[in-house]
Amino acid sequence: MHRLTNKQIILGITGGIAAYKSAELTRLLKAAGADVRVVMTSAATEFITPLTLQALSGNPVHRHLLDTEAEAGMGHIELAKWADLVLIAPSSANFMARLASGLGDDLLTTLCLATDAPICLAPAMNQAMWRDASTQRNVEQLSARGIRLFGPGVGEQACGDTGAGRMLEPTELAQLAANCFHSGCLSGKTVFITAGPTREPLDPVRYLSNHSSGKMGYALAQAAIDAGARVRLISGPVTLTPPARVECVQVETAEQMLAASIRDIEHCDIFIAAAAVADYRPTAVAEHKIKKGSEEIMELHLVKNPDIVASVASHTHRPYTVGFAAETRDLLTYARDKLERKKLDLVIANDVSRQEIGFGSDENAVTLVCRNNDTPLPQTSKRQLAVKLIEEIARRASADQETVADF
Ligand code: C5P
């Protein structure tokens, strides 16, 4: 169940007797390493107390849409963006009807409308209510919208009836939630990802660097692991913790990053260059701290750094190679130029002049630029975007390899 490690899960609880099992589900998700935030409808609080779920999740329970205090803490949009997965267990017939008709009349329905994360429902209701034509129509509609259904199970019900409508057991639900994080689209593949800034030393205490946080590269590494890949993350100095199960190589300079990128490159299937590599480094590193002199102007002599992604792309055993283009103007022109000049297969272009996306921000919006076309991906959290990017890259890389195999 390591797939749940560090995953951010919203557990929605609606009104039904199975709500008592949500306490155990919360405990299991937490034990598997997930960060759980519980959102309850008012009917749910008739069956189980928020205090129980607060104690088990270790987070405050969210209940109201129009609550100024809650909105000031973590409002419905923030919650929607925070989630890697929204799991609603139990999901009542009434809740499914409201979701199917697109209502946003409480916190849980609103955040379902606002989230880009996958939504999963664990239906729980009387067997006759489950069989009812309206419920079945809602199920069909929700499935068509990509909302996943876990269950329901068949068996004895709290009301004494027997049939379909039982909520699945917490262990089954936790396992199904974990499976959501394994698309398998990179099974058996090896992916190298560069991330963060490089530091180019001037003397023993100073260096040239940039503001890259490494968030995008680290999110890509996590998404690639979740997709079944073996991942080497070649990281400049950042404050992030590497995802579990990646081989993380910590580097400082561009030259070190190049060495760690090229090593075993013949075993790499996909290379993603998300690092913000310093273009130049000081020609020489002073042995001792450079002292302040009397002169007003100081000249630094810099030499060009190797281009890591271009070196990888020109290797004899080149992997499918992806670069980033962070630009403040003429985004697509520069991205296309990089694609051709560095001989890349794909460029992920993002406009860093926009404050709400890019460096340091938790969100990003990008355009995928390849030889034949441009595909925009809308603004979303870097974690969600990373999942979409990895799916796209996996699809394109395997199509590319098939084409190569054809010749
Ligand atoms: O040339 P520019 O820095 O704009 O290109 C950005 C892309 O090239 C990014 O994918 C970055 O990781 C990669 N790059 C590199 N080595 C360099 C400079 C950039 O791999 N020296």
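The values are calculated or read from the model by the stated rules, or taken from the named source; none is laboratory data. Everything quoted here is computed from the prediction, not taken from an experiment. As a convention, Cβ positions derive from the backbone with ideal geometry for all residues, glycine included, and neighbour counts pool all protein chains shown. These accessible areas exclude ligands, DNA and RNA; they are computed on the full protein's heavy atoms, side chains included. Shrake-Rupley method; radii C 1.70, N 1.55, O 1.52, S 1.80 Å.
For the set Ser311, Ser294, the ranking by accessible area, highest first and with no ligand, DNA or RNA atoms included, is Ser294, Ser311 under a 1.4 Å probe.
Using r as the Cβ-Cβ distance of Thr52 and Asn179, and R0 as 25 Å, what FRET efficiency do you calculate, to the nearest 0.05? Taking R0 as 25 Å, the efficiency between Thr52 and Asn179 is 0.40. Excluding residues on the same chain fewer than 8 positions from Lys21, give the lysines whose Cα lies under 29 Å from its Cα. Answer for Lys21, where 29 Å is the Cα cut-off: Lys7, Lys30, Lys81, listed by chain and number.
D by Stokes-Einstein for region 142-247, Kirkwood Rh over Cα pairs, 20 °C, 1.002 mPa s: 122 µm²/s. Dividing the radius of gyration of the alpha carbons in region 189-252 by their Kirkwood radius gives 1.04 for Rg/Rh. Counting every Cα pair in region 214-285, what percent are over 14 Å apart? Looking at region 214-285, the distances longer than 14 Å represent 60 percent of pairs. Against the main long axis of the alpha-carbon atoms of the chain, helix 382-406 sits at an angle near 70°. Heavy-atom accessible surface of His301, to the nearest 10 Å², is about 120 Å², with a 1.4 Å probe and all protein chains retained. Axis of helix 331-341 versus longest Cα principal axis of the chain: the two differ by about 60°, to the nearest ten degrees. Karplus-derived 3J(HN,Hα) values for region 318-329, using 6.51 cos²θ - 1.76 cosθ + 1.60 with θ = phi - 60°, are 6, x, 5, 10, 10, x, 10, 10, 9, 10, 9, 7 Hz; glycine and proline are entered as x. Relative to the longest principal axis of the Cα atoms of the chain, helix 133-144 runs at roughly 10 degrees. Close amide H pairs (under 5 Å, H built 1.01 Å from N) link Leu202 with Tyr207, Leu208, residues at least 5 positions away or on another chain. Applying 1/(1 + (r/R0)^6) with r as the Cβ-Cβ distance of Ala133 and Arg354 and R0 = 45 angstrom yields a FRET efficiency of 0.40.
Translational diffusion of the chain, estimated by Stokes-Einstein from the Kirkwood radius over alpha carbon pairs at 25 °C in a medium of 0.890 mPa s, is 105 µm² per second. Note on region 216-354: Kirkwood radius taken over Cα pairs, Stokes-Einstein applied at 4 °C and 1.567 mPa s, translational D equal to 77 µm² s⁻¹.
Reported to the nearest whole Å, the Cα centre-to-centre distance from region 248-297 to region 174-212 is 16. How large is ³J(HN,Hα) for each residue in region 204-218, as worked out from phi by the Karplus curve 6.51 cos²θ - 1.76 cosθ + 1.60 (θ = phi - 60°), to whole Hz, x for Gly and Pro? Each residue's phi maps through the Karplus curve to give x, 10, 10, 8, 9, 7, 8, 8, 4, 8, x, 4, 5, x, 5 Hz. Computed over the Cα atoms of region 2-179, pair by distinct pair, the Kirkwood hydrodynamic radius stands at 16.0 angstrom. Tell me, what is the FRET efficiency for Ile17 and Arg148 to the nearest 0.05, using R0 = 22 angstrom and their Cβ-Cβ distance as r? Efficiency, from the Cβ-Cβ distance: 0.45.
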